[in-house]
Amino acid sequence: MSDPIGLLQQPVTFPFSGRTAKNRFLKSAMSERLATFSTFYPPGRGRPTEELVRLYETWAKGDIGSSHPILLKHSNRIFKGIIVTGNIQIKKDHLEATGNTIVDRDLPSNYPEDWAEVARAAKSEGSLVIGQLNHPGRQVSINIQPYPEAPSDVEHPSTGGVLYGRPTPLTIAGINDIVQRFAYAASVLYKAGFDGIQVKFRLQHRTSPSLNQLQLHAAHGYLLSQFLAKSTNMRRDEYGGSLINRTRILLEIVEAIKQAVQNPCFIISVKLNSQDFTQEGINVEESIMVAELLENAGVDFIEVSGGTYAQTIYNSRDKPYSVETREGYFIQFAELLRPHLKFSKIVVTGGFRTAHGMSDAVSQGATDMIGLARPLTAEPHLVRDILRGEKNKVKDDKFPDSPLLRFVASAAQIAEIGNGQDITDFDNAFNVARFIAIMQKEIPATISEALF
């Protein structure tokens, strides 16, 4: 394409909310772990901090959204994209990790003024901000919650030195409570100034053998994904069995959020971590059916990704042909979805490394927007630099072939941004060697084996 930047500047209007992102970039969710945490006092958990506000203010200034005209080669328009937060937990004692943010109706306060400050920071340069809501289900460390709740009592195996408790199957009343908690959290964020929410849902029912030793968190994703997976959902009621039954809780959450917010301009999105090329995963036909159900429910956009811990498969023999020949790990799956979605937009996250690769994915119709995650921890202003024509690719790194090590490094960069520190440049071999030495010294041997 002769003008890749021009295409990436184009706006995207969402079909159900009518909201418009003024460029084609979306900052995808990453677990920030910058909220308050108390081991013995759950009400002291999950409050947004100054570090979290600083993080989102920094990303906002990177022209994922901008409130001032950027004078580019062909345009002086105002550029605004989308910023999606890391996962916000809906129950104070069911967390993905310590330091998660929380919006729980059982807390004495959900700190609306602090959430308003997060929204202000993320929107300070014109971005739309979307909060990703989550419940980990059985996938919560026994140190945080020894009695997890899940669709069925299928215990998560110990991985990377992390132990998990045997889950208690949710009752119908418990499921209804979960649905209402998602709706409550959405209403709190809406009142704080958020433009929408995202729900995370993973389309996979068994992991590839190549992933088992490297997963610190997920064989089957979080609670909503556990409902979809046949291997973790053994229910015989209206929430188990058929694909429609297994998707029911997600559709009920979407409807409950609409009822709680009562504003048709509030964006509802779903992130499908769909690994269409893993062994024994949910088949393409079922994946398409789920996407069609989401569109019928009024979901504005579907973000297609593979999830952080799934990225080990990008180096396996099972990776799809599209990964070998094009940027964007999940372009091939997005292209299969495209003909079946008449209204909902598609966002593809993962594997984009050049402006030309991003532009090609859009021009070929595979995706409407480009999702970026880890590249924005190394370069928070990457989108600004691409839109100005000052950069045409993301920063490389000198890490050995270890996706999980890159994840840990990215988490360290998030903390540096939040603390107002200089960001470690992992394109520098000395910095990489020093970081690896620190990790090998400080982390448990069981996790070290997974990383290295």
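The set of residues in region 36-63 being of a type in the set (Phe, Trp, Tyr) and either on the phi > 0 side of the Ramachandran plot or assigned to a loop (DSSP other than H, G, I, E, B) (or both) consists of PHE37, PHE40, TYR41. Is region 157-168 home to any residue that is in contact with a helix residue (DSSP H, G or I) (Cβ under 8 Å, 6 or more places away or on another chain), surrounded by fewer than 23 Cβ atoms within 10 Å (Cβ to Cβ), modelled with pLDDT of 95 or more and over 21 Å from GLY86 (Cα atoms)? Checked against the condition, which is being in contact with a helix residue (DSSP H, G or I) (Cβ under 8 Å, 6 or more places away or on another chain), surrounded by fewer than 23 Cβ atoms within 10 Å (Cβ to Cβ), modelled with pLDDT of 95 or more and over 21 Å from GLY86 (Cα atoms), region 157-168 yields no hits at all. From the list GLY81, GLY131, which one is modelled with pLDDT under 95, surrounded by 19 or more Cβ atoms within 10 Å (Cβ to Cβ), touching a helix residue (DSSP H, G or I) at 6+ places or on another chain (Cβ under 9 Å) and not hydrophobic (A, V, I, L, M, F, W, C)? Answer to the selection: GLY81. Taken over region 1-35, residues that are part of a loop (DSSP other than H, G, I, E, B), in contact with a Pro (Cβ under 9 Å, 6 or more places away or on another chain) and surrounded by 19 or more Cβ atoms within 10 Å (Cβ to Cβ) amount to 7.
The set of residues in region 87-102 being crowded, with 24+ Cβ neighbours inside 10 Å and either part of a strand (DSSP E or B) or more than 16 Å from the chain's Cα centre (by Cα) (or both) consists of ASN87, ILE88, GLN89, LYS91, HIS94, THR101, ILE102. Only a single criterion out of (1) modelled with pLDDT of 95 or more; (2) out of contact with any helix residue (DSSP H, G or I) (no Cβ under 9 Å at 6 or more places or on another chain); (3) crowded, with 16+ Cβ neighbours inside 10 Å is not satisfied by CYS265, namely (3).
Name every residue in region 139-156 that is crowded, with 23+ Cβ neighbours inside 10 Å and either farther than 23 Å from ALA256 by Cβ or modelled with pLDDT under 95 (or both), in order of residue number. Matches in region 139-156: GLN139, VAL140, HIS156.
Six or more apart or on different chains, Cβ under 7 Å: which pairs go from a residue in region 41-63 that's over 12 Å from THR85 (Cβ atoms) to one that's among the aromatic types (Phe, Trp, Tyr) and at pLDDT below 90? Could you list them? Here the result reads ASP63/PHE79, each pair linking region 41-63 to a residue that is among the aromatic types (Phe, Trp, Tyr) and at pLDDT below 90. The single residue among LEU243, LEU203, LEU216, LEU224 that is at pLDDT 75 or above and within 18 Å of the chain's Cα centre (by Cα) turns out to be LEU224. Here LEU133 passes the criteria (1) in contact with a Ser or Thr (Cβ under 7 Å, 6 or more places away or on another chain); (2) assigned to a strand (DSSP E or B) except the one numbered (1).
The values are calculated or read from the model by the stated rules, or taken from the named source; none is laboratory data. Predicted, not measured: the structure shown is a model, and the values here were computed from it. Positions of Cβ are generated from backbone atoms using ideal geometry, with glycine treated the same way; all protein chains shown enter the neighbour counts.
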